[in-house]
Amino acid sequence: MTTPWGEPVLARFPEDPRDRLRAWDASDEYLLRYLDRERVPLSGTVVVLGDRWGALVTALAAHRPTQITDSWLGQEATRANLARNGVGPGTVRLLTTQDDPPERIDMLLVRVPKSLALLEDQLLRLAPSVHEGTVVVGTGMVKEIHTSTLRLFERILGPTRTSLAEKKARLIFCTPDPGLERPANPWPYRYTLPDGIGVVSGRTVVNHAGVFCADRLDIGTRFFLKHLPAVRDGARVVDLGCGNGVVGTAMALADPQTEVLFVDESFQAVASAQDTYRANGVPGHAEFRVGDGLAGVAADSVDLVLNNPPFHSHQATTDTTARRMFTDARRTLRPGGELWVIGNRHLGYHVRLRRLFGNSEVVASDPKFVVLRAVKRGAGPASG
């Protein structure tokens, strides 16, 4: 990436030679050009919210910024990119969206997230640290910045305007108003599940901002909940890409002897899963882990993996995450263990599962979704 401060070498995490997506885009470049061209002072506490792969904090490392992210993968990419470019440990402070923000923010740079709810939650959390002299600049691609985005900045921080577009990217300029009466933070959001979806009917879901379908149960998960498998007592089950954790919680409610591992790369999602599990007083044993899928989980140690894989990486459509999830599931499943997948019919997951497991069975389907089951027949080489 070419910046006014040099040309840092950047990569996504984990690195995949087949993945042609860059670790930055035109909106990152636009923001950095603006800071240099306008000689924006970078003294004081610089906070970068939503820096997807660490491009912004790597370029601005000399100013010792703080990064706040919801993505474990993004945070690991940042660590790798800083090291790749010779930035010493501790130069950039790495925080998650669940951490307390800095007490004072002198410059706030915002990479607009896909989720408007996450932006709302984070601006409300950061607002008490913003003062009258804070420089606030947002950035995003034109298709990511809407009238509702600008209204959020205005409602929470102060008067807001946008720049002209450059290379399909746009900047947001916000002038903090210390006298602004801010709304209460509505997140996390709680709701009661409807009837007709098995053991979790009438149960509570807790969603932190930014988690998929934060204010209702999405139709894919609803369909999955109606077709979950029964397991033997003491089985080890993984809710892989757990989101709000309702699927893993359903398994634990059905059999309190079940041991459930909730895994997601989103800090907001794992916090949601933990709160959903606790809100329902489940008497079993559970572990909650933020990380890269099943990395770190021992081979042949799991009886059942339940998975609703994402097919987007920010604005890009990709099956990279699903491929890695399926491959990891096969590695960690015991012989005879099962991977159950819910997905849109058009995604064709059955083809990849047959290639990887040697089998794939349709458990249930409707016009939009399909639930697939793949069984690990035994040890042996398999390619993703």
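Residue selection: Ala252 fails the criterion of being farther than 30 Å from Ile68 by Cβ, in contact (Cβ under 8 Å) with a residue 60 or more places away in the chain and over 15 Å from the mean Cα position of the chain (by Cα). Total residues in segment 199-226 satisfying the condition of being open to solvent by less than 60 Å² (accessible area, probe 1.4 Å) and either over 23 Å from Arg345 (Cα atoms) or part of a loop (DSSP other than H, G, I, E, B) (or both): the figure is 15.
Taken over segment 338-358, the residue count meeting the criterion of being loosely packed, with under 13 Cβ neighbours inside 10 Å and either hydrophobic (A, V, I, L, M, F, W, C) or over 21 Å from Cys242 (Cβ atoms) (or both) is 3.
If you filter segment 31-48 down to residues that are open to solvent by less than 10 Å² (accessible area, probe 1.4 Å) and in contact (Cβ under 8 Å) with a residue 40 or more places away in the chain, you find that the one that is nearest to Ala269 (Cα to Cα) is Val48. Please count how many residues of segment 154-198 are modelled with pLDDT under 95, assigned to a loop (DSSP other than H, G, I, E, B) and on the phi > 0 side of the Ramachandran plot. Count: 1. Out of curiosity, is Gly248 surrounded by 20 or more Cβ atoms within 10 Å (Cβ to Cβ), modelled with pLDDT of 95 or more and in a loop (DSSP other than H, G, I, E, B)? So Gly248 does not fit the description; no.
Are any residues in segment 124-174 under 28 Å from Pro188 (Cβ atoms), open to solvent by 10 Å² or more (accessible area, probe 1.4 Å) and among the hydroxyl-bearing types (Ser, Thr, Tyr), and if so, which ones? Hits for segment 124-174 are Ser129, Thr147, Ser148, Thr160.
Among the residues of segment 145-164, are any under 23 Å from Gly54 (Cα atoms), among the aliphatic types (A, V, I, L, M) and under 25 Å from the mean Cα position of the chain (by Cα)? There is at least one residue in segment 145-164 that is under 23 Å from Gly54 (Cα atoms), among the aliphatic types (A, V, I, L, M) and under 25 Å from the mean Cα position of the chain (by Cα).
Residue-by-condition table, conditions (1) closer than 27 Å to Ser272 by Cα; (2) touching a strand residue (DSSP E or B) at 6+ places or on another chain (Cβ under 6 Å); (3) not charged (D, E, K, R):
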residue	(1), (2), (3)
Arg79	yes, no, no
Thr91	no, no, yes
Pro101	yes, no, yes
Leu108	yes, yes, yes
Ser115	yes, no, yes
Arg125	yes, no, no
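Mind listing whichever residues of segment 4-50 are farther than 26 Å from Ala295 by Cα and touching a Lys or Arg at 6+ places or on another chain (Cβ under 6 Å)? Scanning segment 4-50 gives Ala26, Thr45.
Looking at (1) under 25 Å from Leu73 (Cα atoms); (2) assigned to a loop (DSSP other than H, G, I, E, B), which is the only condition Leu304 fails? Condition not satisfied by Leu304: (2). Total residues in segment 253-283 satisfying the condition of being open to solvent by less than 10 Å² (accessible area, probe 1.4 Å) and farther than 22 Å from Tyr189 by Cα: the figure is 3.
For segment 315-329, indicate whether the set of residues that are out of contact with any Gly (no Cβ under 7 Å at 6 or more places or on another chain), charged (D, E, K, R) and either modelled with pLDDT of 95 or more or open to solvent by less than 20 Å² (accessible area, probe 1.4 Å) (or both) is non-empty. No, there is no match, as no residue in segment 315-329 is out of contact with any Gly (no Cβ under 7 Å at 6 or more places or on another chain), charged (D, E, K, R) and either modelled with pLDDT of 95 or more or open to solvent by less than 20 Å² (accessible area, probe 1.4 Å) (or both).
The values are calculated or read from the model by the stated rules, or taken from the named source; none is laboratory data. Computed from a prediction, not measured in an experiment: that's the story for all the values here. Neighbour counts run over all protein chains shown; Cβ positions are idealised from the backbone, glycine included. To get the accessible areas, we keep the full protein, side chains included, count just its heavy atoms, and leave off ligands, DNA and RNA. Shrake-Rupley method; radii C 1.70, N 1.55, O 1.52, S 1.80 Å.
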